[in-house]
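The values are calculated or read from the model by the stated rules, or taken from the named source; none is laboratory data. Being a predicted model, the structure only gives us computed values, none of them experimental. Every residue, glycine among them, receives a Cβ derived from its backbone with ideal geometry; neighbour counts consider all protein chains shown. We work out accessible area using only protein heavy atoms, side chains counted, and drop any ligands, DNA or RNA first. Shrake-Rupley method; radii C 1.70, N 1.55, O 1.52, S 1.80 Å.
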Amino acid sequence: MRYVAPTSVDEARSLLVDNPGSRVFAGATDLIPQIRAGRPQPSVMVDLKRIDRLTSVSHRDGGWAIGAATPTAALTANPEFATMFPGLSEASGLIGSDQIQNRSSWGGNVANASPAADSVPALVANDAQVVIASAGGTRTAAVDEIITGPGQTSLGDGEFIIEFTLADMAAGTSDAYLRIIPRTEMDIAVVGAGVRLTMDGPTVAAAKIVLGAVAPTAIRVGEAEAALVGNTLDEATLAEAAEAASAACNPINDKRGTIEYRRQVAGVLTKRCLLIAADRAQNGTA
Amino acid sequence: MTATENPPTYTWVGTRPIRHDGYDKVTGKARFAADLDLPGQLRAVYVRSPHAHARIVSINTAAAEAMPGVKAVVTGADFPDLGAADPEYDVSVNVMARDTVYYHGHAVAAVAATSRELAADAAAAIVVEYEELPAVFTIDDAMADGAPLVNETNFTKFVKADEPSNLSTITNLERGEVDDAFAAADLVVEREFTTAAVHQGYIEPHACVVDTGADGRASVWCSSQGHFRVRSSTAAVLGWDVSRVKVTPAEIGGGFGGKTTIYIEPVAARLSEMAGRPVKIVMTRDEVFRATGPAPASKVRVKVGATNDGELTALEAWMAYNVGAFGNVAGLVGAMSVASYKFPNLKLEAYSVLSNLPKSAAYRSPSAPHAAFAIESVVDEIAQKLDIDPIELRLKNAAVEGDVTAMGMPHPRIGFVECLEAVRESEHYQSPVPDGAARGIAAGFWFNIGEQSSATVHVNEDGTATVITGSPDIGGSRASMALMAAEELGLDVNSITPLVADTESVGFTDTTEGSRTTFATGMAVVQACRDLIDDMRSRAATTLSVDVGEVIWADGAAVAEGHDPVPLASIAAQSKRTGGPLTASASLNAAGAGPSFAVHCGDLAVDEETGHTKVLRYTAAQDAGTAIHPSYVEGQLQGGSVQGIGWALNEEYVLNDDGSLDNASFLDYRIPVASDLPMIETIIVEVPNPSHPYGVRGVGETGIVPPMATIANAISRAAGIRMTALPMSPPHVLTALNER
Ligand SMILES: Cc1cc2nc3c(=O)[nH]c(=O)nc-3n(C[C@H](O)[C@H](O)[C@H](O)COP(=O)(O)OP(=O)(O)OC[C@H]3O[C@@H](n4cnc5c(N)ncnc54)[C@H](O)[C@@H]3O)c2cc1C
């Protein structure tokens, strides 16, 4: 196993093409534990962190470009970002612990394609797009188009994510993310819920609800979104959204939680997220 | 050696100096077993069973032996058959399977190679052919009629047994007439409780380096709670005399009972003997979870009778402990741990039950937490039903000196009542329960043990001193040894160097277990110091030309009336002229280990929509007899509390259908993380143990006994649900809430 740290996208691209069995990595907080657990060793470990664009964060022209290898600690510590996307920032800040967050990246969280990845529901709720380096050049895709199943992505051989793009949060809009874990940190989401709401006074003008860890991939809950739009967040509406969220789940029984538990709590987190996001959308996030 | 109820004020005992090993620990210089590397050393890797129960048909190591870097391979055939009657037989078979594997992860072979990677490659090339046998994993399945036999060498102890069985021990204890008492009781509460297997979770995996020389003698460096036991077990498994094995204790990164037995040392010794090079074994975390002793799972049925005014009149309990594939006395010890309340009528039936799981090992007050979870939950339910304050109910029934335990042993002077009173008077208990939360109370008992200890104390030529014991220091005991020596000799504690010596440099000393070290090894240190003082008094008497009877020892000096005091330093400086070096050793078998009681108080809130519990405030009160170093006593109280809360809330062995462990990592075996818990508040109660010169009672274990019921009792009061199964994890709590 060889370690290489290219300094440009082109250099990384040709390393991947020239070396079958090579793998990119950012924080390696997924990759190294997986290798230790017996997954095949890459021929070449391609470190993306020396490529400027992959660790830079820029905000201009009504949108954000966030390098795919940027440590999540750099995002949660960026006040402009954290204020505009409080839910996405919180989701990123839940990954592991301080030590993990000094290394963990969105690129790794998305490409690892764990159904429980914390940044994913919040990224999808915020319509995050990715710019992908391909053999021929670059292409773009939405985050939910990248993840196709547990550990499965639509990224082709030699492709890697360069950056994430996000449009500025519009007025009257905000987001929230909550997860349930048995402990308070260093744990994997049993259920995660990401929500983005646009409020028109007390009325929901637009809603996106995305659940994690309750299906093979993060799922969008269209029924719950439909139940909200045009309504105020009264108890009946919240209950309807929660019920729709529970119904949308397609979870498994495993050591981290049962099917029944995940279903029930998905509704609870959805409801709680809606209230937080609505409050932020109406009253600002500070 | 007596202590008074109103102890004199001590100069050193009860102070909080920085521990002698502290600087090395915080600067990363302390040497743990895995830190040691010897020239030419090999690394060894295991082959482990992929079946929970199987006959080994054949093992082919030829391909592995031919691989690059491989220097030795061992299987069960390389170890003697001790015969099932040998006390170390189970250990020897657990260390390396012979013709049968008894649990998933049981060691089958090991390879020593020039690197860990090469050893792992070679281990993967060993071909083992198995014939699967039926396996059982639960108490119910193992006790069922016609259950497959777990281990054909197990015969039930304490009863006449002609046939092998899945029961390792059966214990029946009875006093009074429980049936009459239940009939006469105003209130009877009966419930069944279960607890999951839990691991001690020590942060340092088992590790050793062994160098077997051309003379056939093995030098062992390892992490253990008792290097003399490592010596005897290693020698036994190899069929050697103990004199062929020298064990040097490394610093130990936690044990909690789990390092009172051995797993790897004989394997490394044999590989080293075969290869002629030192061999190092460091278990992975995965191996620690799969193949070292957890504490047993359990099932306990409890029935308690009470009068309307809260007198507990009868206890009947049926207790079963799932001890894994080799017998042990968990059931007996569980029955012995029933000792907190007077219960004039009592009937206990306790079992140690075998299953095809790893051999269970000691874990802080082994077997007591399971029993206390059940009994303290039912006692609390009685307090709720009778609307009596839970502390008052316990005070009314608490055992005092002279009351007998379930075993029929009268309690010596104990501090249970004092612990209850301490919690009742505490700021915590006196303050209102936070909004949306509830408060739980529970008690715990552990008997503690004495056993054999040795100590050697040298007064150095400049008047400093060295205190040498054979007790691995797992909770700050070196500091406590130094404090007791400082008190005796009248020296500054920082002039004393406390050490833990290897098996050839100090007298035999039993394992650090049963909360015995500060008690028993402390006694040996005190005895050695007193012998030294006698020697120094007599030398001073000679120098001063007075009778030794006229010389007393005070403030670090020999004092005779009419003479200037002769300080220790000048006696030390003169020692060459007065009879040679000043040194004394003491060895003893300590009797009179005083039991330690604890009472815990916890406030918690339940998120009724998710089943998540949050501990808001937690206080642990415990009788330390005398706290030699209060900080380390507090550390024990806090550590026990935290481990017990983890056991209560989230820790559990999750098994796959084939008996393999599904959560063999700290990610999914959920011990508490720091942010889960508030600071654990402590109250040290001091009811001196009359059998110890400073009144010490061991404090290392009792702290883990009350938390499960403390949490369950708080959940009951918070949410109206009586949790009877551990862990009380969010899914289980939510299910109970849904069923409410
Ligand atoms: C102790 C611990 C706790 C954790 N807790 C959490 C948690 O709470 N929540 C959570 O969601 N995750 C958690 N994780 C998992 C992990 O930290 C996250 O998934 C993290 O975001 C991964 O980022 P990384 O940069 O370290 O990924 P890496 O390990 O570097 O990469 C992960 C995978 O993505 C690929 N990859 C990386 N970057 C790119 C890219 N730019 N383009 C294409 N492919 C790429 C790699 O080849 C690899 O397959 C935890 C991990 C540990 C060790």
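Looking at B:GLU609 and the list (1) in a strand (DSSP E or B); (2) facing chain A (nearest Cβ under 10 Å), which single condition is not satisfied?
(1)
So which of B:GLY580, B:GLY594 is outside any helix (DSSP H, G or I) and either on the phi > 0 side of the Ramachandran plot or surrounded by fewer than 17 Cβ atoms within 10 Å (Cβ to Cβ) (or both)?
Being outside any helix (DSSP H, G or I) and either on the phi > 0 side of the Ramachandran plot or surrounded by fewer than 17 Cβ atoms within 10 Å (Cβ to Cβ) (or both) holds for just one of B:GLY580, B:GLY594, which is B:GLY580.
Only one of A:ILE188, A:ILE209 is under 28 Å from A:ALA242 (Cβ atoms), within 14 Å of the chain's Cα centre (by Cα), part of a strand (DSSP E or B) and of a type in the set (A, V, I, L, M). Can you tell me which?
None of the others qualify; the one that does is A:ILE209.
Can you tell me which residue in the range B:694-739 is most open to solvent (accessible area, probe 1.4 Å), limited to those that are hydroxyl-bearing (Ser, Thr, Tyr) and within 18 Å of B:GLU651 (Cβ to Cβ)?
For the range B:694-739, the residue satisfying everything is B:THR724.
Only residues that are in a strand (DSSP E or B) and within 32 Å of the chain's Cα centre (by Cα): list them for the range B:39-57, please.
B:LEU42, B:ARG43, B:ALA44, B:VAL45, B:TYR46, B:VAL47, B:ARG48, B:ALA54
So is A:LYS271 within 14 Å of chain B (Cβ to nearest Cβ) and either modelled with pLDDT under 95 or in contact with a Phe, Trp or Tyr (Cβ under 6 Å, 6 or more places away or on another chain) (or both) or not?
Here the answer is no, as A:LYS271 does not meet what is asked.
So for the range A:155-163 (the condition being away from the ligand (no atom under 11 Å from the Cβ), in contact with a strand residue (DSSP E or B) (Cβ under 6 Å, 6 or more places away or on another chain) and not aromatic (Phe, Trp, Tyr)), does at least one residue qualify?
Looking through the range A:155-163, none of the residues is away from the ligand (no atom under 11 Å from the Cβ), in contact with a strand residue (DSSP E or B) (Cβ under 6 Å, 6 or more places away or on another chain) and not aromatic (Phe, Trp, Tyr).
Within the range A:169-180, which residues are open to solvent by 10 Å² or more (accessible area, probe 1.4 Å) and more than 12 Å from chain B (Cβ to nearest Cβ)?
A:MET169, A:ALA170, A:ALA171, A:GLY172, A:THR173, listed by residue number.
Taking A:ARG179 as the residue in question, decide whether it is more than 9 Å from the ligand (Cβ to nearest atom), under 30 Å from B:PRO672 (Cβ atoms) and among the basic types (Lys, Arg).
Spelling it out, it is not the case that A:ARG179 is more than 9 Å from the ligand (Cβ to nearest atom), under 30 Å from B:PRO672 (Cβ atoms) and among the basic types (Lys, Arg).
Of the conditions (1) open to solvent by 10 Å² or more (accessible area, probe 1.4 Å); (2) more than 22 Å from B:ALA479 (Cα to Cα); (3) within 41 Å of the chain's Cα centre (by Cα), B:GLY507 satisfies every one except a single condition; which number is it?
Checking B:GLY507 against (1) open to solvent by 10 Å² or more (accessible area, probe 1.4 Å); (2) more than 22 Å from B:ALA479 (Cα to Cα); (3) within 41 Å of the chain's Cα centre (by Cα), the one that fails is (2).
Can you find, within the range B:683-711, the residue that is farthest from the other protein chains (Cβ to nearest Cβ) among those that are assigned to a helix (DSSP H, G or I) and in contact with a strand residue (DSSP E or B) (Cβ under 7 Å, 6 or more places away or on another chain)?
Among them, the one singled out is B:THR702.
Take A:ALA226 and tell me if it is away from every other protein chain (no Cβ under 14 Å), surrounded by fewer than 19 Cβ atoms within 10 Å (Cβ to Cβ) and outside any strand (DSSP E or B).
Yes, satisfied.
Among the residues of the range A:156-168 satisfying the criterion of being surrounded by 21 or more Cβ atoms within 10 Å (Cβ to Cβ) and not acidic (Asp, Glu), which is farthest from the other protein chains (Cβ to nearest Cβ)?
The residue in question is A:ILE162.
In the range A:99-145, how many residues are more than 8 Å from the ligand (Cβ to nearest atom) and of a type in the set (D, E, K, R)?
4
Within the range B:128-239, which strands (runs of 3 or more DSSP E) (wholly inside it) include 1 or more residues that are crowded, with 21+ Cβ neighbours inside 10 Å and over 24 Å from the mean Cα position of the chain (by Cα)?
Once the strands (runs of 3 or more DSSP E) in the range B:128-239 are filtered for at least 1 residues that are crowded, with 21+ Cβ neighbours inside 10 Å and over 24 Å from the mean Cα position of the chain (by Cα), what remains is B:207-212, B:218-222.
Looking at the structure I just gave you, is B:TYR89 touching a helix residue (DSSP H, G or I) at 6+ places or on another chain (Cβ under 8 Å) and either closer than 30 Å to B:SER232 by Cβ or crowded, with 17+ Cβ neighbours inside 10 Å (or both)?
No, not satisfied.
Hey, any hits in the range A:238-253 for a residue that's aliphatic (A, V, I, L, M), open to solvent by less than 60 Å² (accessible area, probe 1.4 Å) and under 30 Å from A:PRO79 (Cβ atoms)?
Checking the range A:238-253: not a single residue is aliphatic (A, V, I, L, M), open to solvent by less than 60 Å² (accessible area, probe 1.4 Å) and under 30 Å from A:PRO79 (Cβ atoms).
How many residues does the range A:72-98 hold that are within 8 Å of the ligand (Cβ to nearest atom) and under 14 Å from A:GLY27 (Cα atoms)?
Residues that pass the stated criteria total 4.
Which condition does B:TYR23 not pass, out of (1) outside any loop (DSSP other than H, G, I, E, B); (2) touching a helix residue (DSSP H, G or I) at 6+ places or on another chain (Cβ under 9 Å); (3) open to solvent by 40 Å² or more (accessible area, probe 1.4 Å), if it passes all the others?
The failed condition is (2).
Just to check your reading of the model, which residue among B:GLY76, B:GLY14 is surrounded by 17 or more Cβ atoms within 10 Å (Cβ to Cβ) and closer than 30 Å to B:PRO148 by Cα?
Going through B:GLY76, B:GLY14 in turn, the sole match is B:GLY76.
Filter the range A:5-61 down to residues that are of a type in the set (A, V, I, L, M), in contact (Cβ under 8 Å) with a residue 60 or more places away in the chain and more than 9 Å from the ligand (Cβ to nearest atom), then give me how many there are.
The number of residues fulfilling the criteria is 4.
Please indicate, with yes or no, whether at least one residue in the range B:661-676 is open to solvent by less than 40 Å² (accessible area, probe 1.4 Å) and away from chain A (no Cβ under 14 Å).
no
What helices (runs of 4 or more DSSP H), lying completely within the range B:336-449, carry at least 1 residues that are buried (at least 24 other Cβ atoms within 10 Å of the Cβ) and under 25 Å from the mean Cα position of the chain (by Cα)?
B:368-386, B:416-425
For the range A:181-216, name all the residues that are within 14 Å of chain B (Cβ to nearest Cβ) and among the small types (Gly, Ala, Ser).
A:ALA189, A:GLY192, A:ALA193, A:ALA213
If you go through the range A:139-155 one residue at a time, how many are open to solvent by 70 Å² or more (accessible area, probe 1.4 Å) and in contact (Cβ under 8 Å) with a residue 60 or more places away in the chain?
Qualifying residue count for the region: 3.
Filter the range A:13-42 down to the residues that are open to solvent by 50 Å² or more (accessible area, probe 1.4 Å) and either touching an Asp or Glu at 6+ places or on another chain (Cβ under 7 Å) or farther than 26 Å from B:ASP286 by Cβ (or both) and list them by number.
Listed by number, the residues that qualify are A:SER14, A:VAL17, A:ASP18, A:PRO20.
In the range A:255-268, how many are more than 8 Å from chain B (Cβ to nearest Cβ) and open to solvent by less than 70 Å² (accessible area, probe 1.4 Å)?
Of the residues in the range A:255-268, 4 are more than 8 Å from chain B (Cβ to nearest Cβ) and open to solvent by less than 70 Å² (accessible area, probe 1.4 Å).
For the range A:191-204, how many residues meet the condition of being assigned to a loop (DSSP other than H, G, I, E, B) and open to solvent by 50 Å² or more (accessible area, probe 1.4 Å)?
Of the residues in the range A:191-204, 1 are assigned to a loop (DSSP other than H, G, I, E, B) and open to solvent by 50 Å² or more (accessible area, probe 1.4 Å).
Just the residues that are polar (S, T, N, Q) and under 14 Å from B:PRO706 (Cβ atoms), please, taken from the range B:631-647.
Answer for the range B:631-647, where residues must be polar (S, T, N, Q) and under 14 Å from B:PRO706 (Cβ atoms): B:GLN636, B:GLN638, B:SER641, B:GLN643.
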